[in-house]
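Data first, discussion second: the structure below is written as structure tokens.
A short reminder: the numbers here are calculations on the coordinates, not readings from a lab. Just so it is clear, the structure is predicted and the values come from calculations on it, not from any experiment. Virtual Cβ from ideal backbone geometry, glycine too; neighbours counted across all protein chains shown.
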Ligand code: ADE
């Protein structure tokens, strides 16, 4: 292995992008950045980008808002205007996999758009002219994020279970997350998704768009989702109470461990 070049120390590290759709899904991240020192907020394309250091890691933190277009536009801005090294997305999702329960965590290994359908011109789910339907998350980043989730559950899982009045500790799953411009909230809709994509673990509204943009620009990405509901008729109520009462605790706990390990 060659010795480090003398000028390497002077080259500033490119920041990591940390994004979520809604403010509750970012937890205490912006407050932690503010507490850690200089924070610069840049407004660009109707979004605020907070630039600074969190838990020792240089970051750009922002809210995408909801849906695939919002997520893709934000990921593109993070890459082009802020030159981020990688993109990490945190938030909640509906559970789809048979063993995925409310309070569990799903870390994406791959992502796809469940509402992409240009058939019969192209196979269902395939992104036309890209020839792909599934986009992989970056393996090393995903492993680090899953490790942060495991540490979080080891250290705070028992307290979380007590808060939900459940006996079992939350589980960390890894696999397919599916995204679409719909809040899925009926047994019929979630059954159709399960039938079409039997390995899907969770459904949300942004992840696959971010994964596609990152793939197209060669930027690593990782996505973590806490399960707020099971995408059935109870989903709207479960989603709102989970989002307002619990989602921030998960994001703060996971991101603190993930960023401190990088920092
Ligand atoms: N995010 C959280 N729950 C969801 C659901 N049921 N459908 C789509 N996105 C979600």
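Rounded, prolate or oblate, given the Cα gyration tensor of segment 78-118, with a/c below 1.5 counting as rounded?
Judged from the Cα gyration tensor, segment 78-118 comes out oblate (a/c at least 1.5, b/c at or above a/b).
Please rank 33, 132, 19, 116, fewest neighbouring Cβ atoms within 10 Å first, as an exposure proxy.
Ranking 33, 132, 19, 116 by Cβ neighbours within 10 Å, fewest first, gives 132, 116, 33, 19.
Evaluate the relative contact order of segment 6-262 (contact order divided by residue number), counting alpha-carbon pairs under 8 angstrom at least 6 apart; express in whole percent.
28 percent.
Over segment 159-259, calculate the relative contact order: mean separation of alpha carbon pairs under 8 Å at least 6 apart, over the residue count, as a percent.
Result for segment 159-259 is 26 percent.
Sorted from fewest to most neighbouring beta carbons within 10 Å, what does the list 142, 244 look like?
Taking fewest neighbouring Cβ atoms as first place, the list is 244, 142.
Calculate for the chain the 222 nm mean residue ellipticity that helices alone would give, adding -39,500 (n - 2.57) per DSSP H run of length 4 or more and normalising by residue count, nearest 500 deg cm²/dmol.
-11500 deg cm²/dmol
For the residues 203, 127, what sequence is obtained by ranking on other C-beta atoms within 10 Å, fewest first?
Fewest-to-most Cβ neighbours within 10 Å comes out as 127, 203.
Looking at the P(r) of the chain, how many percent of alpha-carbon pairs lie beyond 27 Å?
Value for the chain: 35 percent of Cα pairs lie more than 27 Å apart.
Note the full-extension length gain between residue 43 and residue 159 as 0.36 nm times their separation in residues minus their Cα-Cα distance, in nm to one decimal.
Additional length available on full extension: 38.0 nm.
Distance between Cα centroids, segment 178-201 to segment 37-55: provide it in whole Å.
After rounding, the separation between the Cα centres reads 35 Å.
In nm, to one decimal, how far is the residue 34 label point from the residue 181 one, both placed 7 Å along Cα→Cβ?
Spacing of the two 7 Å Cα→Cβ label points: 3.4 nm.
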